[in-house]
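K.L.:
Have a look at this one before I ask anything.
No lab work stands behind these numbers, since they all come straight from the coordinates. The model shown is predicted, which means the values in this text are computed figures rather than measured ones. Cβ placement follows ideal geometry from the backbone for every residue including glycine, while neighbour counts extend to all protein chains displayed.
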Amino acid sequence: MGSIKIMLIINPCAGRKSGKKNSEKVLALFKENGADCHLYMTEKRGDATQFVINDGSKYDVVACMGGDGTLNEVINGLLKADLDVPLGYIPAGSTNDFARSMQLSKNLETAVHNILTCGVKEIDAGLFNDRYFGYVASFGIFTRTSYSTPQKVKNVLGGKTSYLLHGITELGKIRTEHMRIETNGKSYEGDFLFGAVTNSTSLGGVLKYDPQLVDMNDGRLELMLIHKPKNPAQLFSILKSLLSKKVTGNPYIVFDRSDKFTVLPSSRSDWSLDGEFAYSTGRCEMKCMKHKIRFICPQGNESVISL
């Protein structure tokens, strides 16, 4: 155990500043269990990616504590530097969609114990043009909310509530996006309220897939597109399907799986990658990068590799 060198990246602002409040406690927990742990504290966007690119190769494990955005930065650092280093995650953000999908604990003692003792599962990542994402690339309704909600608001109200309330203030700005998405020899075109390419069972802590629809290491990503409803009956049908997690079989919802998607918007569109802003001026390519992330997690199956 003592030979394990851990790079610990913490976002001090995540989750009502729990990262800042608990940084010394987490560092102490790792050291009490014999790990040689080195703390890196982010100060601005992009720091976590640069930390990993600069120093990640020096460690046996790269661990991070923060929200989905922090995790996204760490994943980008690992993949851009082509580092074959296991990734550990202590969820401390506002929504923690990825953590929900991986059934990770927010309890500090449990999370540290799991990072030090659990096996490694190879899971897929997504590639949006030249940027990686861990679990979602999305556009449309509430997408802007994921990266425009002020951190102070999230710290005061909490994740779900802050996103929903801030999203309401965005309703007057909502417009549909006219898109054509090509995959599997098929083409989906229309005016969409929302669209997402995902590798997760949870989106925004509110929208959830049936876990049976998602396999996070099958080499495919899931596509969901929500058509603009033309009347209250169509809107009710969409909401009923989303709330019941039955996104297949609804004529107003597109659901598909593939390892590659080509997106052709009719105009410039704004995207969110794991809650972080992504700008697209036109055509974009999304690919599934199979087994690209070596993630430390409690699940024990054939994909687990011992540390």
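K.L.:
Would you kindly calculate the mean projected area, averaged across all directions, of the convex hull enclosing the Cα atoms of region 5-118, in square nanometres?
P.N.:
6.1 nm²
K.L.:
Can you compute the equivalent ellipsoid semi-axes for region 37-97, i.e. the square root of 5 times each eigenvalue of the Cα gyration tensor, sorted largest first and rounded to whole Å?
P.N.:
17, 12, 11
K.L.:
Please name which of 12, 81, 29 has its Cα lying farthest along the dipole of region 5-118 towards the positive end, using unit charges on Cβ (Lys, Arg +1; Asp, Glu -1) and the Cα centre as origin.
P.N.:
12
K.L.:
Over region 182-227, what relative contact order in percent results from Cα pairs under 8 Å that are six or more residues apart?
P.N.:
RCO, region 182-227: 49 percent.
K.L.:
Mind checking the dipole of region 5-118: about its Cα centre, +1 per Lys or Arg Cβ, -1 per Asp or Glu Cβ, Debye to the nearest 20?
P.N.:
420 debye
K.L.:
Same structure again: I need the trypsin sites (Lys or Arg not before Pro) found in region 25-76, filtered to DSSP loop residues with at most 14 other beta carbons within 10 Å of theirs.
P.N.:
Answer in residue order: 44, 45.
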